[in-house]
């Protein structure tokens with residue numbers, strides 16, 4: 001039996017979090033959710049994650065800050081940053097990919113599949 005790929009979705013807003021969880025579960029992934037960077041780090045400490053999909057603009061800890069911490073502690077985890085603004089945030093290079101929220105569920109699933117298929121580009125560093 002194939003092990004499902006585990007994705008952690010991080011967003012401080014409930015509706016987009018639930019929506020992304022549904023879209024990704026429909027695509028065949030196991031999906032966990034966190035409402036903050038702190039909660040995401042706590043989950044990462046207890047579960048093996050394949051990919052983290054995180055909102056950029058969150059109170060307390062930004063998506064890029066979370067990505068930096070994950071990259072240091074769990075270098076094998078792929079990271080995709082999401083933002084509602086089209087301007088690419090500083091520090092986005094720490095992630096494997098950056099997506100605008102306006103691109104929709106199809107683009108989201110394609111990008112995640114591409115990142116997972118490509119493997120984690122940051123493990124070679």
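The values are calculated or read from the model by the stated rules, or taken from the named source; none is laboratory data. What you see is a predicted model; the values in this text were computed from it and never measured. Because the Cβ atoms are built from the backbone with ideal geometry, glycine has one as well, and the counts that use them run over all protein chains shown.
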Of the residues in the range 37-60, those that are surrounded by 20 or more Cβ atoms within 10 Å (Cβ to Cβ) and without any contact (Cβ under 8 Å) to a residue 40 or more places away in the chain come to 37, 40, 44, 56
Among residues of the range 97-125 being buried (at least 18 other Cβ atoms within 10 Å of the Cβ) and within 19 Å of residue 58 (Cα to Cα), the residue modelled with the highest pLDDT is 97
Here the residues within the range 3-17 that are over 13 Å from residue 55 (Cβ atoms) and either part of a helix (DSSP H, G or I) or modelled with pLDDT of 95 or more (or both) are 5, 6, 7
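Looking at 20, 69, which one is in a helix (DSSP H, G or I) and buried (at least 18 other Cβ atoms within 10 Å of the Cβ)? Quick ask: steps written out before the conclusion?
On the way: 69 fails: buried (at least 18 other Cβ atoms within 10 Å of the Cβ).
After ruling out the rest, the residue left standing is 20.
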